[in-house]
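Taken together, the values in this text are just the output of simple stated rules run on the coordinates, not laboratory data. Everything numeric in this text was worked out from a predicted model, so none of it was measured. In this analysis, Cβ positions are derived from the backbone assuming ideal geometry, glycine residues included, and neighbour counts consider all displayed protein chains.
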Amino acid sequence: MKDSGRRVGGGGSSSPCAACKLLRRRCSQDCVFAPYFPAEEPHKFANVHKVFGASNVNKMLQELPELHRGDAVSSMVYEANARVRDPVYGCVGTISSLQQQIDVLQTQLALAQAEVVRLRLRLSASSI
């Protein structure tokens, strides 16, 4: 987990995490967002909040064991950024595009392999 840059311990003022700053609330020591949305990266939470909503993100994180929360946040950030770029398809559009590229490249590979076989046959036939 990344350090959120907040001062831990009692008393004194602390810098709120990106989520609490955007939501304009006090960031407590047990803030579920702080380890994953540091103050230095406000854009991460902004997109996640825009796509999923703070309440839903909070619920999702609360329901997960701590060891899986980092991966969940990474997935939410990736999906939120994809949704901001492509509001209709999000990640599915990216996956579809990549799948089409794979299909084209597999076809090209099969054609190249067939050409190699054809050239080998021609070479072996001419050496007989």
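If R0 is taken as 41 Å, the Cβ-Cβ distance between residue 66 and residue 110 corresponds to a FRET efficiency of 0.30. Per-residue 3J(HN,Hα) values for segment 79-85, derived from phi via the Karplus relation 6.51 cos²θ - 1.76 cosθ + 1.60 with θ = phi - 60°, read 5, 4, 5, 5, 5, 5, 5 Hz in sequence order (x marks Gly and Pro). The length gained by stretching the chain between residue 88 and residue 120 to full extension, at 0.36 nm per residue less their Cα-Cα distance, is 6.7 nm.
Backbone geometry of segment 113-126 corresponds, through the Karplus equation with coefficients 6.51, -1.76 and 1.60 at θ = phi - 60°, to 3J(HN,Hα) couplings of 5, 5, 5, 4, 4, 4, 5, 5, 5, 4, 5, 6, 5, 6 Hz, x marking Gly and Pro. 3J(HN,Hα) couplings calculated from phi for segment 60-69 with the Karplus curve 6.51 cos²θ - 1.76 cosθ + 1.60 (θ = phi - 60°) are, in sequence order, 4, 5, 5, 7, 9, x, 3, 5, 9, 5 Hz; Gly and Pro show x. Taking Cα atoms, how many degrees apart are the long axis of helix 42-52 and the longest axis of the chain, rounded to 10 and kept between 0 and 90? Around 80 degrees separate the two axes.
Around residue 62, with a cut-off of 14 angstrom between Cβ atoms, what is the net charge of the other residues, counting Lys and Arg +1 and Asp and Glu -1?
Net local charge, residue 62 excluded: -1.
Near residue 81: Cβ cut-off under 15 Å, other residues only, Lys/Arg at +1 and Asp/Glu at -1. The net charge is +1.
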